[in-house]
Amino acid sequence: RKNEDPAREEGLERWFKPVEARFARLTVLRNSGNGGAKVVEFKVMGPEKATVHPKRKSIVPKWQVTFPKAVSEAPKSKIKYLIKMKPKSVKPGWLPPGKTWKEMSGWVRLYPDFSLNGAACAKSIYGESVSEIVYNVPKDAKLFAASIGLGNRHRKSSVIFKVFVDGKLAYDSGLYRLGRPVLPVVVNVDSAKTLKLVVEDGGDGLAFDYAWWGDARFIKK
């Protein structure tokens, strides 16, 4: 009961200890997302008296991002944060009244769900849809890395993160909504000249699309 997690592509699983029963009933009281209520798939698993073993779930919180060692173990001397660089061009998308893109960049907490738990990122690039920020890649850079996610907890938030290297698509998050974990982005920029960070609106307008490139940085050779 009270399963009000936001909808996500892989669906929703609920496991509990097996019980002897003659029937199973699903009661839908309301849909917290809109006026309708839908049951797409409802299963009762296993033969009579069988024990169903659920798949082991990850114990890593959805807000905790795991990077490869080339990123996570890079020394401070090899890290160059984009927030400390002057971008080649900025199309910031929507901005709160009286705020600038530079003021919106910086510290942010990225939320994967309705809880208050999130990834705290101190050196982040603001990317409210529809945004497009271009940087010149330092000559000694080999990787671009960032944590991507939403800085608010609204179920109508929906964006698409894209990274272009020298004009070619190098990363596409697909439709990103509340309910997905904060994601790591690692892109090879060795010998590249330009890096373009794009946030699209997910096809439903820009309302509540508060997106950030968390701790966006170049990793030097």
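The values are calculated or read from the model by the stated rules, or taken from the named source; none is laboratory data. The structure presented is a predicted model; accordingly, all values stated were derived computationally and were not measured. So basically every Cβ, Gly included, is an ideal-geometry build from the backbone, and we count neighbours across all protein chains shown. These area figures cover heavy atoms from the full protein model, side chains too; ligands, DNA and RNA do not enter into them. Shrake-Rupley method; radii C 1.70, N 1.55, O 1.52, S 1.80 Å.
For Ala21 and Lys220, compute 0.36 nm times the residue count separating them, minus their Cα-Cα distance, and round to one decimal in nm.
Difference between extended and current length: 65.5 nm.
For a Förster distance of 41 Å, can you work out the FRET efficiency between the beta-carbons of Glu73 and Thr194, rounded to the nearest 0.05?
Once rounded, the FRET efficiency stands at 0.90.
For a paramagnetic label modelled at 7 Å from the Cα of Ser89 toward its Cβ, which residues of the stretch 129-146 fall within the zone defined by backbone nitrogen distances under 14 Å?
Under 14 Å, as judged by backbone N against the label point of Ser89, lie 131-136 of the stretch 129-146.
With respect to the cross-link table entries Lys84/Lys142; Lys91/Lys220; Lys193/Lys220, which display a Cα-Cα separation exceeding 21 Å?
Lys91/Lys220
What does the accessible area of Tyr111 come to, in Å² to the nearest 10, when a probe of 1.4 Å is used?
Result for Tyr111: roughly 40 Å² accessible.
What length, rounded to one decimal in nm, is gained on full extension from Glu103 through to Leu29, with 0.36 nm per residue of separation minus their alpha-carbon distance?
22.3 nm
Hey, with R₀ at 22 Å, roughly what FRET efficiency would Ala122 and Val187 work out to, going by the Cβ-Cβ distance, to 0.05?
Rounded to the nearest 0.05, the efficiency is 0.55.
How big is the charge dipole of the stretch 56-169 about its Cα centre, in debye rounded to the nearest 20, if each Lys and Arg gets +1 on its Cβ and each Asp and Glu gets -1 on its Cβ?
For this selection, approximately 180 debye.
Just how large is the dipole of the stretch 98-221 about the Cα centre, in debye to the nearest 20, putting +1 at every Lys and Arg Cβ and -1 at every Asp and Glu Cβ?
340 debye
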